[in-house]
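What follows is a short report on a single structure.
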Amino acid sequence: MQIPSLAQLKKDLSYLSEKELIELLADLSKFSRDNKSYLFFKLREKSDPGLYLEMVQEELEADFQTARADHYYYAKKAAQKLRRKMNKLLKLSKVKTDQIELLLFFCEKLREYGFMRHRNQVLDNMYQMQLSKAATLISGLHEDLQFDYEGRLEELIP
């Protein structure tokens, strides 16, 4: 079975009525939690723009609190798991400032919860990679926003 292109799907969707579109979106949200999350945040984005960032930060904060950082092996595995979750959540927002906030939040929490004290190469590389992603996103922003975020970024660079 060959999956049609995105253009073809858009064309087919344009022929559906509003009721059929609502049913289709409801069915799509039942298939995966990611679809449901994406739909939820897109519907709430205009009325509460900071909702996505707040909810993701709360979720990551709770995960950081339960993660083990007492031994380098457990710290490495927990940090990798948290990074995978963060990357998955980053895909739900196309807003660059939210992505930067989330990357900087992740790096701050890695330092705060003692993940970086082990001097493990994998953890150091992961930390540097997240900082470089944030720096790349920051470079694409307006100059005023760049100045604000560069200050926070400088504090995180060892």
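Pairs linking a residue in the stretch 141-158 that is over 24 Å from Asn125 (Cβ atoms) to a residue that is open to solvent by less than 40 Å² (accessible area, probe 1.4 Å), with Cβ atoms under 6 Å and 6 or more positions apart or on different chains, are Gln146/Ile138. Only one entry of Gln99, Gln130, Gln146, Gln121 meets the criterion of being open to solvent by 50 Å² or more (accessible area, probe 1.4 Å) and of a type in the set (S, T, N, Q), and that entry is Gln121. Here Tyr52 qualifies as open to solvent by less than 70 Å² (accessible area, probe 1.4 Å) and under 18 Å from Met86 (Cα atoms).
Criterion applied to Lys36, Lys77, Lys133, Lys109 was being over 20 Å from Glu155 (Cβ atoms), among the basic types (Lys, Arg) and under 18 Å from the mean Cα position of the chain (by Cα), and the one residue passing it is Lys36. For the stretch 24-34, the criterion of being at pLDDT below 90 and part of a loop (DSSP other than H, G, I, E, B) is satisfied by at least one residue.
Looking at the stretch 73-94 only, could you name the residues that are surrounded by 16 or more Cβ atoms within 10 Å (Cβ to Cβ) and over 16 Å from Ser37 (Cα atoms)? Passing the criteria: Ala75, Lys76, Ala78, Ala79, Leu82, Arg83.
Among the conditions (1) open to solvent by 90 Å² or more (accessible area, probe 1.4 Å); (2) in a helix (DSSP H, G or I), Lys46 misses just one, which is (2).
The values are calculated or read from the model by the stated rules, or taken from the named source; none is laboratory data. Just so it is clear, the model here is predicted, and its values are computed rather than measured. Neighbour counts run over all protein chains shown; Cβ positions are idealised from the backbone, glycine included. Just so you know, the surface numbers come from the protein's heavy atoms only, side chains and all, with ligands and any DNA or RNA stripped out. Shrake-Rupley method; radii C 1.70, N 1.55, O 1.52, S 1.80 Å.
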